[in-house]
Amino acid sequence: MKPLPALVLLSCLASMEAWGRPSSPAEEEVLDAPGGKPIAILLPGAETIRGESKEGYVRIRLEGWVRAASAKVPESAVSPPASIDLPAPAAALSGTVAVRLESGEIRYGAGAHVAVLGPATELDRAWAELKEGYEKDQEELTNRILELDRQEKRALASSDNFTQATQNLDRIRAERRSAGKQREALRGRYAGRAEELFRRFQRAEAAADAAGRYSIALLPAGAYRILGTMTTDQGVRRWYVPVEVTPNGGASLDLQSANAGPDPFFGTK
């Protein structure tokens, strides 16, 4: 029989204790699982360490030596191909929600809603585009309203015919009211777009307990945005802040009056 180029090292569970080192009395196939496919041949005299038994088979561990050339492990066996995107380890995010009221009282956010949005890079890009669109449309309508205000002041002097001048004034005032309604509708429309954007990027959510504490577990490591909402008798408080969740330590982020971040709805809610 030709010598095998290499012997395969099989491991048993770390918690199993060895049951002695019996020698193989005859040549025997080694399977990858009970009733599975052959992966090696156990030669007579090979010493093995026996482990768990299952379905009429016994798991063994084999120790020995092979030639250095045949023991070389292919690089692909220890490093995943570049095209494989392995998931980051999961971690936890926690913190406290609290605001300082005008009276100076600290109010903890019982029932405050905390949403984790991400990935942050893609979200920030989409949010910036939405903000740019809102500001552009708002500026155009604001300029239109200012122009109509100027025209209204000059309307009565726009014609020697009093009837015609009055009609011009009525037309300008109607256009001014229409432009004002468009600006109000613009705010609501962009607020709805922002809510839709945040729902699309939401990865997890939690409600704060009676002490204002919140906790979100099993969150993959990475960069996120926190969207927090707390309602008090003095109105709604919001947070839109970045957070970095690390693989081992997770993250801790307290939402307070001083770290609210930019208005996530551009002043539209």
Quiz item: Excluding ligands and nucleic acids, what accessible area in Å² is computed for SER257 using a 1.4 Å probe, to the nearest 10?
Solution: 60 Å²
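If you take every residue apart from LEU43 with its C-beta less than 10 Å away from the C-beta of LEU43, what net charge results, scoring Lys and Arg +1 and Asp and Glu -1?
On the way: positive: none; negative: GLU27, GLU28.
With Lys, Arg at +1 and Asp, Glu at -1, the net is -2.
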Quiz item: Hey, what's the stretch 100-159 come to in accessible area per residue, 1.4 Å probe, Å²?
Solution: 62 Å²
Quiz item: Protein chains only, probe 1.4 Å: how do VAL245, VAL236 rank by accessible area, largest first?
Solution: VAL236, VAL245
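Within a Cβ distance under 10 Å of ARG107, other residues only, what is the Lys/Arg minus Asp/Glu net charge?
Overall, the nearby charge balance is 0.
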Practice problem: Give the shape of the stretch 110-242 as rounded, prolate or oblate, defined through the alpha-carbon gyration tensor: a ≥ b ≥ c are the square roots of its eigenvalues, a/c under 1.5 means rounded, and otherwise the shape is prolate if a/b is larger than b/c and oblate if not. | Solution: prolate
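The values are calculated or read from the model by the stated rules, or taken from the named source; none is laboratory data. Being a predicted model, the structure only gives us computed values, none of them experimental. When we count neighbours, we look across all protein chains shown, and the Cβ atoms used for this are built from the backbone with ideal geometry, even at glycine. We work out accessible area using only protein heavy atoms, side chains counted, and drop any ligands, DNA or RNA first. Shrake-Rupley method; radii C 1.70, N 1.55, O 1.52, S 1.80 Å.
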